[in-house]
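**Student:** Mind having a look at this structure? Questions to follow.
The values are calculated or read from the model by the stated rules, or taken from the named source; none is laboratory data. Bear in mind that the values here come from a model prediction, so they are computed numbers and not experimental data. Here the Cβ positions follow ideal geometry from the backbone for every residue, glycine too, while neighbour counts run over all protein chains shown.
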């Protein structure tokens, strides 16, 4: 039996159909436990000490971000990775999940392959490594949140979690900004908000700039980015993805 197969995975969702789907998708990775409420999830987590928790964002007794905060604040559970699943109806839900220190965020409808990859990463000893990043050079507009001040930069790569923007002007860590950019072969602009996580040299191009993590991100934008990264990194594509410092 593999190392991952012996680990416990807790799936928390008030909808029985999603608990069943999650259990079926993840059974090959470990022993799946289920909870129908946030409070039940905390109770089971404290008793069973799961290796990872996958939770729906919209549960009646406790929102996913509050559940995540409770897990991260618990002395015995704070190292447990949490994956939150949002409906995508509200872009701000993604931002709330990120601010709650969720280790990963996915949007419904769930892609079986992406769910498996995400949970496998969280179960591994290398879960804190960066998400897979795809080289991409294009213009991106950067604007301070609640400000008319904007500038242009060049994006150097993109992942499900964020982008690196080459820019001569650097913003303080934790600064929140609005982005405006397009992925290749798409006509619709993506306009997420993001947060400055680090500033320095891009690991590949050595260009000076900022690593940004996406905050508010709607369902359409999430799936466009997921599809682009998956297509580029799929073995059938014959392309090789870049890996950089987490953003």
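**Student:** For the structure I just gave you, tell me whether residue 114 is touching a strand residue (DSSP E or B) at 6+ places or on another chain (Cβ under 9 Å) and surrounded by fewer than 16 Cβ atoms within 10 Å (Cβ to Cβ).
**Tutor:** no
**Student:** State all residues of segment 197-215 that are at pLDDT 90 or above, closer than 23 Å to residue 228 by Cα and surrounded by fewer than 21 Cβ atoms within 10 Å (Cβ to Cβ); if no residue qualifies, say none.
**Tutor:** If the condition is that a residue be at pLDDT 90 or above, closer than 23 Å to residue 228 by Cα and surrounded by fewer than 21 Cβ atoms within 10 Å (Cβ to Cβ), then 197, 213 are the ones that fit.
**Student:** Return yes when residue 67 is closer than 23 Å to residue 111 by Cβ, touching a helix residue (DSSP H, G or I) at 6+ places or on another chain (Cβ under 7 Å), in contact (Cβ under 8 Å) with a residue 24 or more places away in the chain and not in a strand (DSSP E or B) and no when it is not.
**Tutor:** yes
**Student:** How many residues does segment 1-19 contain that are over 18 Å from residue 64 (Cβ atoms) and either within 22 Å of the chain's Cα centre (by Cα) or modelled with pLDDT of 90 or more (or both)?
**Tutor:** 3
**Student:** Kindly provide the set of residues from segment 58-80 that are farther than 12 Å from residue 45 by Cβ and buried (at least 16 other Cβ atoms within 10 Å of the Cβ), ordered by number.
**Tutor:** 58, 59, 62, 63, 64, 65, 69
**Student:** Check residue 88 against each of (1) modelled with pLDDT of 95 or more; (2) touching a helix residue (DSSP H, G or I) at 6+ places or on another chain (Cβ under 6 Å) and name the one condition it does not meet.
**Tutor:** Failed condition: (1).
**Student:** A further question on this structure: Enumerate the strands (runs of 3 or more DSSP E) found wholly within segment 171-218, keeping only those where 3 or more residues are in contact (Cβ under 8 Å) with a residue 60 or more places away in the chain and within 22 Å of residue 87 (Cβ to Cβ).
**Tutor:** none
**Student:** In the list 9, 53, 44, which residue meets the criterion of being touching a strand residue (DSSP E or B) at 6+ places or on another chain (Cβ under 7 Å), surrounded by fewer than 19 Cβ atoms within 10 Å (Cβ to Cβ) and either in the same structural domain as residue 87 (by TED's automatic domain parsing) or not in a helix (DSSP H, G or I) (or both)?
**Tutor:** 44
**Student:** Say whether the condition of being touching a residue at least 60 places away in the same chain (Cβ under 8 Å), assigned to a loop (DSSP other than H, G, I, E, B) and surrounded by 20 or more Cβ atoms within 10 Å (Cβ to Cβ) is met by at least one residue in segment 86-102.
**Tutor:** Scanning segment 86-102 turns up at least one residue that is touching a residue at least 60 places away in the same chain (Cβ under 8 Å), assigned to a loop (DSSP other than H, G, I, E, B) and surrounded by 20 or more Cβ atoms within 10 Å (Cβ to Cβ).
**Student:** Given the conditions (1) over 28 Å from residue 203 (Cα atoms); (2) within 11 Å of the chain's Cα centre (by Cα); (3) not assigned by TED's automatic domain parsing to the domain that holds residue 28, and given that residue 84 satisfies all but one, which numbered condition is not satisfied?
**Tutor:** (3)
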